[in-house]
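What follows is a single structure, written as structure tokens, with notes after it.
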Amino acid sequence: MLFVGQDTSIGNMGYGFSRLDSASRLLDGSSSSDEIRASPRINRQLHSVDHDIAQLTRLQSPQENFSLTRPGKREYPVSVVTMLAGREANLFKRGRFSPGDCRHVLSKYLPVNGPWVVDQMSTRAYVSQFSLDGSLFMAAFQGSQIRIYDVERGWKVRNNILARSFTWTITDAALSPDKRHLVACFSAVYGSMSPIAHIVNVGSAAKESLANNNEHECLDFTSPEDGGFAFGMFSLKFSTDGREIVAGSNDDDIYVYDLEAKKVSLRTTGHGSDVNTVCFADESGHLIYSGSDDRAIKVWDRRCLRPNGKAAGILKGHLEGITFIDSRGDGRYLISNGKDQAIKLWDIRKMTSKHPYYIYPLHKNPEWDYRWMDYPSQARELKHPYDQSVATTGQKYIYTGSHDSCIYIYDLVTGAKVAKLKHHKSTVRDCSWHPSYPMLVSSSWDGDVVKWEARGGGEAPAPANKEILRRRHFY
């Protein structure tokens, strides 16, 4: 299932699910350009019992009473006007919208207006991420800087962190759920990497740290058995409770670091090549997803996992290495981004225990490099003969940055491209969707951090750097 258009080259760009768990994106007849219209065919799909994920999110949709227009008749889609009237009439005896109702309304609007430049730096932006509540935004740059912006205070720079033991670039960074800590891993030029991650105390909401007086601490992922072998991390993610960090490395292993015990609590040989991306499947922390250059996605169950044990299951379908994965947070669904320019949706109930390495891309060209070359034209129509990804889903957007300097938003019901955002002058390396509002922020190798919203009301925020910096283009 190839959701990425033929005109884009995704490569190792950040992307993810929209966190608007909407039950429908159908309209109430408004003519706003921000809203998304759905065809009758999509309407039938949305309300089909056969679409499992659609049914899951529909349970969180506007209450059935909202759709009652007269006895025995229901109106689909439910209009915003009807929902407002029901709220004002206190239809459900609570005087307010439920979280599902809010998501239903917000999901009709895409962050396509803008852009507004939040910050301009002279070096490439590699990582960007909203905090879980959307009040903070973090961006990491090649020039050793990590900045945390206060979204609710006009995107003011709250923390300006200078990486220590820095040699080339920040390969990944993540904010803890309580917003008190940031963890980052670094890479040196010519591929030399460090097994030491750095965790930084970024303070409370009342504390600012523009002078870089943050408390730094090293997290050592090595063990005596390594024998001096130098490896490094590509991906780091906090657990939901903030007590653990899962990491993927270039020694093919997966690590879990216990922050309270200050040591690695789990290490397992996970793949046959670099582990580019890892994440926890849900808030329990029992399941871990990993993706690798060996083209496999693996599911790990820590409740029955021994050191160097086998994965609970394997998902195969990509023809090239996997660059990023993102979980829906329900322990069941995830999406992946691959060097084969495909974005795929997975249901882990379809995983297998069979090893996938005997599947080898027919178009393999040793001269092709996904980082700066177009995907081979003869490979665009190739399909994995044992693709386990699912074909359709419901009520979700996915979004991705691209090598062509654009941001793309897709509808997973149809696979259709619903928005293409243009501003950047170089590769869009990462982007992040606000967890509660139709707001998306993109970060690029041109040094710009840019905000996109559903409506263009109000003035654009002044860049955090008052001096406008000359753009630098990297190709």
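Remarks
- Extension gain (nm, one decimal) between ASP241 and GLU152, 0.36 nm per residue minus Cα-Cα: 29.7 nm
- On the basis of the beta-carbon distance and an R0 of 45 Å, SER122 and ALA89 show a calculated FRET efficiency of 0.20.
- Difference of contour (0.36 nm per residue) and Cα-Cα distance, ASN160 to GLU217: 18.9 nm
- Distance in nm between pseudo-label sites at VAL81 and ARG306 (7 Å out along the Cβ direction from Cα): 6.7
- Residues SER284 and GLU381, FRET efficiency given R0 of 45 Å [Cβ-Cβ distance, rounded to 0.05]: 0.65
- Span from the region 117-154 Cα centroid across to the region 231-273 one, whole angstrom: 24
- Here the relative contact order of region 238-345, from alpha carbon pairs under 8 Å that lie six or more residues apart, stands at 20 percent.
- Potential lengthening between LYS262 and ILE196 on full extension [0.36 nm per residue; Cα-Cα distance subtracted]: 22.5 nm
- Simple label model, 7 Å out from Cα along Cβ direction - ASP374 to LYS425, nm: 2.4
Where a number appears in this text, it was derived from the coordinates with a stated rule and is not lab data. Everything quoted here is computed from the prediction, not taken from an experiment. Virtual Cβ from ideal backbone geometry, glycine too; neighbours counted across all protein chains shown.
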